[in-house]
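Report on the structure given below.
Please treat every number below as a calculation from the coordinates, not as lab data. Everything numeric in this text was worked out from a predicted model, so none of it was measured. Here the Cβ is made from the backbone with ideal geometry for all residues, glycine too, and neighbour counts use every protein chain on show.
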Amino acid sequence: MDYLKRLCVILLAGTVLVSLVGCTMQGNANMNIEKRLFGKTDQADVVHIYTLTNANGCEVKITNYGGIVVSLKVPDKTGKLGDVVLGYETLDKYIEKSPYFGALIGRYGNRIGKGKFTLDGRVYTLAVNNGENHLHGGIVGFDKAVWNAKEIKQPDAVGLELTYLSGDGEEGYPGNLSVTVRYLWTDDNELKIDYTATTDRLTIVNLTNHSYFNLAGKGDILGHELMIDADRFTPVDEGLIPTGELRSVAETPMDFRKPMTIGARIEQDDEQLKFGLGYDHNWVLNRYDGSLRRVARVCESTTGRIVEVYTTEPGLQFYSGNFLDGTITGKCGAVYQQRYGLCLETQHFPDSPNKPDFPSTLLKPGERYTSTTIYKFTTQ
Ligand code: BGC
């Protein structure tokens, strides 16, 4: 009997071991990078799309045109994979017209008032592409650049290293800026983005990613519950340029310190919400010291999907997709109506080059700009 019991235990342990090893092996077998032709630009540059699959079988598609995150498939609470970012299926559509879907943004994410700033006593004039202001790097920003791409394979992640040399004077910015963006898609379902840049002349830099998330994969984002770890935000004027004030969020619709649905207060009679047609503001994140910390969390209750944002940056632009207006048809024929996607753009504050009291966006020759952001996907 004793012998039989022991045999049973050994057999059971063996089975557990084999299935554990099997799982891990199967996990590793899932990890993959597939490179496909995505198309050609008008300048005949060949563009690829890379499918990064992690050990869980979850996948992110990224193209080297604009460094765009084209799709991002993560499980819901029942394990069903769904695409949680807005975008298109073809390169041509991205080239034709895109409100920065999933793109890398540079040299300066967000707005610079009147497209002007002064460095060392010299006034620089940038391309103006948003009323009288400069937005997201100008007319041909990093979102429209064809980046060099190199695949990354690590034991616990797959990724893509994108590099781009932005020439002196591009869109009006001084200095040759050499930029590297590393996307890593980890086995913890984290999309990690590391940005670095160096320059040969004094310049300004503020890089970000412009993914529009919809954790339900359809409909509007008003029922998504949002938390932002910020006691203050930067109020703006009608052109969405910060006034320079750091205003407390207390007793305003900007208070997301406790989780709150996006739709709960978006229609309130509030001057700041009117200027943005909803949320389109920069939050002054708490505990900024250049280290990585969790700054925001979004939860969608019907699917149980959650995205948490970690960053080294001082600011976060929460944009509730107010300018989407149903004129864009995206993936799988989806018509993107107002507020069908939300952006959480980690960044330095808008118009920092003209606001000496804001954290500096200056980059000097010999220095290295670094910034890290993680979007981590889980369920509840
Ligand atoms: C800005 C919006 C702008 C959008 C463009 C956001 O980052 O804050 O004002 O309309 O980008 O898609």
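Some observations on this one:
- Shape call, region 151-242: gyration tensor on alpha carbons, a/c limit 1.5: oblate
- Cα shape, region 32-379, gyration tensor, a/c 1.5 rule: rounded
- Using the Cβ-Cβ distance between Cys332 and Lys77 with R0 set to 30 Å, the FRET efficiency from 1/(1 + (r/R0)^6) comes to roughly 0.85.
- Helix 2-30 and the longest principal axis of the C-alpha atoms of the chain enclose an angle of approximately 30°.
- Shape category assigned to region 189-277 from the gyration tensor of Cα positions, a/c cut at 1.5: oblate
- CD proxy at 222 nm, helix term only [per DSSP H run n ≥ 4: -39500 (n - 2.57); per residue of the chain; nearest 500]: -3500 deg cm²/dmol
- Efficiency of FRET between Glu132 and Glu89 - r from beta-carbon atoms, R0 25 angstrom, step 0.05: 0.10
- Rounded to 5, the percent of DSSP beta bridges in the chain classed as antiparallel: 100 percent
- Net dipole in debye of region 32-379 [+1 Lys, Arg Cβ; -1 Asp, Glu Cβ; about Cα centre; nearest 20]: 560 debye
- Among the listed pairs Lys116/Lys274; Lys258/Lys364; Lys77/Lys144; Lys73/Lys93; Lys61/Lys258, those beyond 29 Å (Cα-Cα): Lys258/Lys364; Lys77/Lys144; Lys61/Lys258
- With the charge dipole of region 254-315 set up from +1 on Lys and Arg Cβ and -1 on Asp and Glu Cβ about the Cα centre, the Cα lying farthest toward the positive end among the listed residues Val284, Ala264, Thr312 is that of Thr312.
- 13 Å beta-carbon shell around Asn209, net charge (K/R +1, D/E -1): -2
- Charge tally in the Cβ shell below 11 Å around Val140, where Lys, Arg are +1 and Asp, Glu are -1, Val140 excluded: -2
- For region 70-128 versus region 314-380, the gap between their alpha-carbon centres in whole angstrom: 7 Å
- Cα lying deepest toward the dipole's positive end in the chain, options His348, Trp185, Pro99, charges on Cβ: Trp185
- Cβ-defined net charge surrounding Leu177, 10 Å radius [Lys, Arg +1; Asp, Glu -1]: -1
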